[in-house]
Amino acid sequence: MKRMTKTPIAAALLLVLAALTARAEDLTVQLSGVAPAESAGYLVAEARGYYAEEGLTVRLLAADQAAPPFETLARGEADLAVAWMSTALVARENGLPLVNIAQIFARPALRLTCLRETGVTSAADLRGKTIGSRFGGTEYPLQAWLNRLGLVADGSLSGVSLLAQWSGAEMLRQKQAACISTLSHDPVPGEGLVELDPQDQGAAVLEDGLYVLAGALTAPEAEARLARFLRASMKGWHEAVAAPEDSARLILGPDPDPGALQQQAGMLRGIAGLLSATGALDEADYRRTVETLRAGGSRAVLRREPEGAFTAAVSDRAAPPEAAAAADRDAAPLR
């Protein structure tokens, strides 16, 4: 019998196939959020080797505040992006085929922090006031909230005025705005402040989720690879919030500034109450988010009902059945 020998071309093809196989286990992830604590789960998973345990090589791209996280997806420079659901649904409506594969934060963090001396003690007092918004995506859930309150951002006495928010809380300290956009896990310290929660008006909008382009889900083993990433990431997240000071020290590096260490640890304590159990998107919360974003008539954030905007296939693969069942029992619905 004549033995088959490897020709140079066959050997080259084997090398290409090996390279493709290796690349199939690589993932580039575009992070979101300025503070390290807002990406702590991914950073901890990387540092602890949880991605490597799942057979993955993961490259984490730091958040770029000058560009939306989906730009790196659209340019083919990332496989996954972390972003707020409102931003993703608006981008999808504008033609980018984004799909939610997991929901990292099950509760929203957006708040308005207001100066009590301006007469704001509840959302009903916002009429005629000036509000600072970070824009870059934050304005979408804020606009949906205002729509629920029947307020138009037209600068009139019967509506509200929206201004681009400065860094930190300077707009409040200098009384340039009655309220500014804040996050529950990064509250503004000080006296005479009131924090307003959109959930009190049934205007909660889901925030941090994982998104891919629809075409990425058609590749062989794509769901399994993404499920492994999600499983390792949730392991990192739950460790991060369970040991906030140790995790803050890990993500800040050796000899961190004591003030920065305490700030990041405090943020992680706040994030603990937002975190999903398994990363699975609750479809009822998704529907409430869409309903909130579509409210407001001509001022609605979303003009059309999204179709095919999420899949449960990845989170179903990532979570053991008993963990998913426990999450279903313990989850509190958005209001």
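Each reported figure results from applying straightforward, stated rules to the coordinates on display, with no laboratory input. What you see is a predicted model; the values in this text were computed from it and never measured. Heads up, the Cβs are rebuilt from the backbone with ideal geometry, glycines too, and the neighbour counts pull from every protein chain shown.
Observations on the model:
- Projected onto their three principal axes, the Cα atoms of region 257-326 cover extents of 49, 37, 17 Å, largest first.
- Nearest-0.05 FRET efficiency for Arg303 and Arg127, computed from C-beta distance (R0 35 Å): 0.85
- The slack between Arg173 and Leu149, meaning 0.36 nm per residue of separation minus the straight C-alpha distance, is 6.0 nm.
- Spherically averaged projected area in nm², based on the convex hull that wraps the Cα atoms of the chain: 21.4
- FRET efficiency estimate (nearest 0.05) - Cβ-Cβ, Arg269 to Ala313, R0 30 angstrom: 0.35
- Normalised alpha carbon radius of gyration of region 174-323 [divisor 2.2 N^0.38 Å]: 1.28
- Restricting the chymotrypsin sites (Phe, Trp or Tyr not before Pro) of region 70-170 to loop positions (DSSP other than H, G, I, E, B) with no more than 15 neighbouring Cβ atoms within 10 Å leaves Phe135.
- Shown is the FRET efficiency for Leu217 and Ala62, computed with R0 = 22 Å from the Cβ-Cβ distance and rounded to the nearest 0.05: 0.30.
- Translational diffusion of region 243-287 was estimated from the Stokes-Einstein equation, with Rh taken as the Kirkwood radius over Cα pairs; at 25 °C and 0.890 mPa s the coefficient is 204 µm²/s.
- Across region 110-201 the C-alpha pair distances fall into 5 Å bins from zero in the proportions 3, 15, 29, 30, 18, 5, 0 percent.
- Distance cut-off 12 Å, percentage of C-alpha pairs in region 127-175 lying past it: 63
- Average Cα contact separation per residue, the chain, under 8 Å, 6 or more apart, as relative contact order %: 26
- Separation between Cα centres of region 194-255 and region 85-105, rounded to whole Å: 15
- Highest average first, the peptides 38-49, 182-193 ordered by how many other beta carbon atoms sit within 10 Å of their residues are 38-49, 182-193.
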